[in-house]
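Inspection log for the structure reproduced underneath, given as structure tokens.
The values are calculated or read from the model by the stated rules, or taken from the named source; none is laboratory data. What you see is a predicted model; the values in this text were computed from it and never measured. Don't worry about glycine lacking a Cβ; one is built from the backbone with ideal geometry, like all the others, and counts go over all protein chains shown.
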Amino acid sequence: MIATVKGTRDILPPESFVWNRVEAVAREVFHSFGYGEIRTPLMEPTELFTRGIGEDTDIVNKEMYTFPDKKGRSLTLRPEGTAPVARAYISNNMQTLPHPLRLYYIGPMFRYERPQKGRYRQFFQIGAEILGPEEPAADVEMFSLLVDFLNRLEFTDLAVGLNSVGCEACRPGYRAALQAVLQEHKGELCVDCVRRIDTNPLRVLDCKEAGCQPVKKLLPSIGGHLCETCSAHLRFVEEGLNALKIRFELNDRLVRGLDYYTRTVFEVVSGRLGAQNAICGGGRYDRLISDLGGPKVPGIGFAIGQDRLIEILPESFKAKVKPGLDYFIVPVSPNELLPAFELAAKLREQGRSAGVALDGKGLKKGLKFAAATGAVSALILGEEEIKNGEVVVKNLATGEQVKKKIDEL
Ligand SMILES: [Zn+2]
Ligand SMILES: [Zn+2]
């Protein structure tokens, strides 16, 4: 037997019906806000991620699926969606399009992580990006879009964690303040954090190692270091969230695992998963496109982990996803098989879903199979029924049976 690659899995019906429904809701909501879908390749030049995400991040250091192609070019399976969108913006000269540019994507990402519950090496993300505006109004729109989507999935226990990681003007001062404290406590830090003192001290705030936790408590918070523009930006976003009645909490320890964020960073946690498990993260990335060699175009976006989202999907939403057919037609004998196909075609033309028992092995087996498909009703078609233009409708939940004219279905 050939197994799936470690950390990957097959998603089968009926579960895939839930995935389809979630994606359909995402598209409906995104389209209602004027976002258009962007589909970027699953593989990109490795350099896109080393330059875009940052050299000293977990993703780039440990988690990328990187390999040479037959010509020796280094390729990487996309570990996230924003850097490819930024690359596509530049490659397709999208600055000539009307702005703000509102884009979304749905698809698989790849990270070589330790597989655990709800975490896969091929995982799926639903994300959106708004490109162009520097103004915090874009941040507020992003939250509005995100919350609208999650509300439609009937989540009621979500909370947004919000922070600002500053800008080019104020972050260097904060970095220096962090470095000063970290240098004093170098001996207590894990190897990764010791390296981060020079490369990326903000990432220490994100370290999960037990030994680093006491040092983390000593670190200054960014709040006191934000410049006037960054503070005003954050205040506007807070006011916007309040106006939209979105529950949020300021969390001055929140940094995201990617280097490209500036100012607003956020995550959405569910009470069901607990604080360690964000189902969505995002932030503003005003320098990403220019860092990749494009024009100076700010952006903000989010990505939702679809695997975890589906795992914690409210039962009330899942209950409405009906994978079963409206009708499953059971021909009593092989003579009724072709009329059964005709009837099924007619029903589908009317927008109903219909299947046919294909084996012609009679009523009992056919009904058993109909029930197993999860269909709402079985339609029994025998010689007499065909003669009279009728069909026996059996409600598969109650067992109730009535004869009906085919035209009355
Ligand atoms: Zn600033
Ligand atoms: Zn550490």
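What helices (runs of 4 or more DSSP H) lie completely within segment 302-360 and have 2 or more residues being of a type outside the set (Val, Ile, Thr), more than 30 Å from residue 139 (Cβ to Cβ) and touching a strand residue (DSSP E or B) at 6+ places or on another chain (Cβ under 7 Å)? Write out each step before concluding.
Details: elements: 306-311, 315-319, 337-349.
Passing ranges, in order: 337-349.
In this structure, is residue 215 surrounded by 15 or more Cβ atoms within 10 Å (Cβ to Cβ) and either over 14 Å from residue 253 (Cα atoms) or within 9 Å of ligand 2 (Cβ to nearest atom) (or both)? The answer is yes for residue 215. Listed by position, the helices (runs of 4 or more DSSP H) inside segment 182-290 whose residues that are of a type in the set (Val, Ile, Thr) and either within 16 Å of ligand 1 (Cβ to nearest atom) or free of Cβ contacts under 8 Å to residues at least 60 places away in the same chain (or both) number at least 3 are 191-199.
When segment 1-26 is filtered for residues that are assigned to a helix (DSSP H, G or I) and farther than 29 Å from residue 75 by Cβ, the ones remaining, listed by number, are 15, 17, 18, 20, 21, 22, 24, 25.
Of the set (1) surrounded by 13 or more Cβ atoms within 10 Å (Cβ to Cβ); (2) out of contact with any Gly (no Cβ under 8 Å at 6 or more places or on another chain); (3) assigned by TED's automatic domain parsing to the domain that holds residue 80, all apply to residue 230 but (2). Tally the residues that are away from ligand 2 (no atom under 13 Å from the Cβ) and of a type in the set (Val, Ile, Thr), restricting the search to segment 176-192. The total comes to 1.
Out of the residues in segment 361-384 that are in contact (Cβ under 8 Å) with a residue 24 or more places away in the chain and in a helix (DSSP H, G or I), state the one that is nearest to the chain's Cα centre (by Cα).
Checked segment 361-384; the qualifying residue nearest to the chain's Cα centre (by Cα) is 373.
Scan 134, 168 and give me the residue that is touching a strand residue (DSSP E or B) at 6+ places or on another chain (Cβ under 8 Å) and within 16 Å of ligand 1 (Cβ to nearest atom).
After ruling out the rest, the residue left standing is 168.
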